[in-house]
Amino acid sequence: MQPPKAVGWSPNHSALRILDQRLLPGVELERDLVSLEDTMDAIRTLAVRGAPAIGVAAAIGLAVALRRDSGGDGTKARHLLTEYAPRLAATRPTAVNLTWAVHRMQQAVEAVRNDDLLAALAREAEAIRSEDVRMCEQIGEHGLAIIPDGARVLTHCNAGALATAGIGTALAPLYAAHARGRALTVYADETRPLRQGARLTAWELVRAGINVSVLPDGAAASLIGQGLVDLVIVGADRITANGDVANKIGTYGVALAAHAHGVPFYVAAPWSTIDVATPTGAHIVIEHRQADELGELPALVPAWNPAFDVTPRALVRGYLTDRGFVDPPFLGDRESV
Ligand code: MRU
């Protein structure tokens, strides 16, 4: 079975098409979005989520909204772009792919005549989407080296097909290994509070015929400590120049447990997630989300609900990218690193 398509174009390219992840695993519903507000709302409410998927959604959403709202007038579209781009980029602060994609869209039309602007935006959005598909495939191929037959793998959150335009980042080597007939045992952390591991990772792996069990986040250290995990692999929302990694809240704890027990902890991400302009994890803006995500609390009890944490470079055994395994520091222009 083909992996699910989380984000892309509607058939005639008139809309951003997403699989609404708020409803999974119970309901598989695709939505076609055309307004900037609908794209922003989908990103903010995690209807579309995962760093690479957010970037692709922003690019396509921007191209579609500008075509609609400008009525095909390139001069008007250029004017609207200056207003829409910063609003879209601000919807979620931690995943660098969002600002990266919006910035690419802006750059793509800098030297373009107004007559060609809308076509150039559509081309750039499609380039961002198709490059993401390719980068996922390449991460999968390079990652085969760390997934032997019989591997027992722990992952946190969802860094699979649902988090990208392709087959995912952390899950890409698992799909590649499964396709080669390697036996796998995957453990998916539940990933409180929004349960991306239990709802999304488990859903897409079962659908692909990959053996997966879900565990509560609090059980991960115990699972590792009992020698039941050969390696941990997670995705990333931002990797800083020194190699610190922002990812879903709870990732840091898993990395600490893996380190304490000598279990390798790998981070898989495309180049678009490496942020050479941010020196260390201390400089990353961490998104904090609303208290109601934690379920019912006693009256007047405040919540601390960060969506992400930062795993220091020292806990990471390897960085798996579309260009293979790489080592920090990551310097200079992202394209030329
Ligand atoms: O809040 P989310 O669901 O968007 O968080 C997603 C993650 O933390 C993923 O692990 C990360 O974006 C990598 S996705 C390839």
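Just a few scattered comments:
- Being open to solvent by 10 Å² or more (accessible area, probe 1.4 Å), outside the structural domain of residue 320 (by TED's automatic domain parsing) and away from the ligand (no atom under 13 Å from the Cβ) is not true of residue 202.
- Set 254, 263, 229: member being over 17 Å from the mean Cα position of the chain (by Cα), crowded, with 18+ Cβ neighbours inside 10 Å and assigned to a helix (DSSP H, G or I): 254
- Of all residues in the range 313-324 being part of a loop (DSSP other than H, G, I, E, B) and out of contact with any helix residue (DSSP H, G or I) (no Cβ under 6 Å at 6 or more places or on another chain), the one that is nearest to residue 164 (Cα to Cα): 323
- Look at the range 239-266: where a residue is at positive phi and a partner is aromatic (Phe, Trp, Tyr) and open to solvent by less than 10 Å² (accessible area, probe 1.4 Å), sitting 6+ places away or on another chain with Cβ atoms under 9 Å, you get 243/319; 243/330.
This table checks each residue for (1) on the phi < 0 side of the Ramachandran plot; (2) within 16 Å of the ligand (Cβ to nearest atom); (3) in contact (Cβ under 8 Å) with a residue 40 or more places away in the chain.
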position: 282; (1), (2), (3): yes, no, no
position: 292; (1), (2), (3): yes, yes, no
position: 295; (1), (2), (3): no, no, yes
position: 308; (1), (2), (3): yes, yes, yes
position: 313; (1), (2), (3): yes, no, yes
position: 319; (1), (2), (3): yes, yes, yes
position: 324; (1), (2), (3): no, no, yes
position: 327; (1), (2), (3): yes, no, yes
position: 331; (1), (2), (3): yes, no, yes
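- Given (1) of a type outside the set (Ser, Thr, Tyr); (2) touching a Pro at 6+ places or on another chain (Cβ under 9 Å); (3) part of a loop (DSSP other than H, G, I, E, B), number of the condition residue 149 does not satisfy: (2)
- Residue selected from the range 35-50 under the condition more than 14 Å from the ligand (Cβ to nearest atom) and hydroxyl-bearing (Ser, Thr, Tyr), by the criterion surrounded by the most Cβ atoms within 10 Å (Cβ to Cβ): 39
- Test result for residue 214, of a type in the set (A, V, I, L, M), within 19 Å of the chain's Cα centre (by Cα) and either open to solvent by less than 20 Å² (accessible area, probe 1.4 Å) or outside the structural domain of residue 95 (by TED's automatic domain parsing) (or both): no
- Complete set of residues in the range 74-97 that are open to solvent by 70 Å² or more (accessible area, probe 1.4 Å) and either within 16 Å of the ligand (Cβ to nearest atom) or of a type in the set (Val, Ile, Thr) (or both): 75, 82, 90
- Odd one out for residue 157 among (1) outside any helix (DSSP H, G or I); (2) free of Cβ contacts under 8 Å to residues at least 60 places away in the same chain: (2)
- In the range 108-118, the residue that is farthest from residue 277 (Cα to Cα) out of those that are outside any helix (DSSP H, G or I) and among the charged types (D, E, K, R) is 113.
- Within the range 275-288, the residues that satisfy the criterion of being under 17 Å from residue 93 (Cβ atoms) and either part of a helix (DSSP H, G or I) or aliphatic (A, V, I, L, M) (or both) are 277, 281, 282, 283, 284, 285, 286.
- When each of 301, 310 is tested for being in the same structural domain as residue 259 (by TED's automatic domain parsing), outside any strand (DSSP E or B) and not charged (D, E, K, R), the lone residue that passes is 301.
The values are calculated or read from the model by the stated rules, or taken from the named source; none is laboratory data. These figures come from a predicted structure and were not determined experimentally. Here the Cβ is made from the backbone with ideal geometry for all residues, glycine too, and neighbour counts use every protein chain on show. Note: areas computed on protein heavy atoms with side chains; ligands, DNA, RNA excluded. Shrake-Rupley method; radii C 1.70, N 1.55, O 1.52, S 1.80 Å.
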